[in-house]
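Encoded as structure tokens, the structure appears first; notes follow it.
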Amino acid sequence: MPRQFFVGGNFKMNPTSSGQLGSIISVLNSADLDGTTGIVIAPPSLYLIPLKATVRSELQLSAQNCYYKDSGAFTGELSPAQLVDANIPYVILGHSERRTLFHETSEFVAQKTKAALNATLKVILCVGETLPERETGQTAAVVQNQLQAVVDVLQESDWSGVVIAYEPVWAIGTGRVATSAQAQQAHLDIRTFLTQAVSPAVAENTRIIYGGSVTAANSKDLSTQSDVDGFLVGGASLKPEFVNIINARN
Ligand code: 13P
């Protein structure tokens, strides 16, 4: 079975009004979208429940983060059980902004990934290297270390609920997109790692999507790469061009 193309919109801490959110959603609701692509949008968490009523059924919703406990005294956190109860199917974990700004370690990301999967959420698991790490030839090792922490706590069957987002930190929000060759190589390295660290079947079936300055203009070429199974889009997911990124393969 070929891997289903997958495009996620990570709205991050945007927009700042429900009016602006309504405009973004109305563009998506009225667009001609590739029916073969899995589409997920991750708005700020306070918009998740109201959006369920207004967004078209082809678009699935994702939280941008969650904790690993079901409930308790964890001020400001959202639990996997709460997301499941609210019928939110996806959560993004390990985004570089959380790793960097909020000091999340790979072990912590792994713990949250396991808890989310146990609760039946699907996880968009983000990994990626910084510019100094790339420039010193450490890209594959850094990404493998981030993934190894997750490999250590998951069972093989858990991987069916994981989409890996390769997001080089230097490409996020910078306008400096990875070349198609750089993305393909990083994705192939991840797949090769999964083959030996988990299993050939998991390596073959797991979607590996690219994130970092994806636009309508660069998405077409990136989408032709054999190991690029879609995109995780930040800034451009707030604009009408997100439709063209969803439809990149048409
Ligand atoms: P940009 O598309 O704005 O570079 O952000 C990518 C990203 O971080 C998606 O999670």
Whichever residue in segment 159-178 is more than 14 Å from the chain's Cα centre (by Cα) and farther than 17 Å from Arg3 by Cβ and, among such residues, is most open to solvent (accessible area, probe 1.4 Å): Arg176
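Table: residues versus (1) over 30 Å from Ala115 (Cβ atoms); (2) free of Cβ contacts under 8 Å to residues at least 40 places away in the same chain; (3) among the aliphatic types (A, V, I, L, M).
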| position | (1), (2), (3) |
| --- | --- |
| Phe6 | no, no, no |
| Met13 | no, yes, yes |
| Gly38 | no, no, no |
| Ser57 | no, yes, no |
| Cys66 | no, no, no |
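Answer yes or no: is there a residue in segment 79-86 that is in contact with a helix residue (DSSP H, G or I) (Cβ under 7 Å, 6 or more places away or on another chain), away from the ligand (no atom under 16 Å from the Cβ), open to solvent by 80 Å² or more (accessible area, probe 1.4 Å) and touching a residue at least 12 places away in the same chain (Cβ under 8 Å).
Filtering segment 79-86 down to residues in contact with a helix residue (DSSP H, G or I) (Cβ under 7 Å, 6 or more places away or on another chain) leaves 80, 86.
Next cut, away from the ligand (no atom under 16 Å from the Cβ) only: 80, 86.
Pick out the ones that are also open to solvent by 80 Å² or more (accessible area, probe 1.4 Å) and you get none.
No.
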Selection count, segment 210-236, where residues are out of contact with any helix residue (DSSP H, G or I) (no Cβ under 8 Å at 6 or more places or on another chain) and farther than 25 Å from Arg191 by Cβ: 2
Looking only at segment 1-22, and only at residues there that are more than 16 Å from the ligand (Cβ to nearest atom), open to solvent by 80 Å² or more (accessible area, probe 1.4 Å) and not in a helix (DSSP H, G or I), the one that is farthest from Ala201 (Cα to Cα): Thr16
Odd one out for Ala186, checked against (1) within 20 Å of Ala42 (Cβ to Cβ); (2) of a type in the set (A, V, I, L, M); (3) open to solvent by less than 20 Å² (accessible area, probe 1.4 Å): (1)
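Consider Leu131 carefully, then state whether it is hydrophobic (A, V, I, L, M, F, W, C), open to solvent by 20 Å² or more (accessible area, probe 1.4 Å) and touching a Gly at 6+ places or on another chain (Cβ under 9 Å). Show your work before the answer.
Details: hydrophobic (A, V, I, L, M, F, W, C): yes; open to solvent by 20 Å² or more (accessible area, probe 1.4 Å): yes; touching a Gly at 6+ places or on another chain (Cβ under 9 Å): no.
Criteria not met by Leu131.
The values are calculated or read from the model by the stated rules, or taken from the named source; none is laboratory data. This is a predicted model, so every value here is computed, not measured. A quick note on method: Cβ atoms are made from the backbone with ideal geometry, for glycine too, and the neighbour counts reach across all protein chains shown. The accessibility values were calculated without ligands, DNA or RNA, using every heavy atom of the protein model including side chains. Shrake-Rupley method; radii C 1.70, N 1.55, O 1.52, S 1.80 Å.
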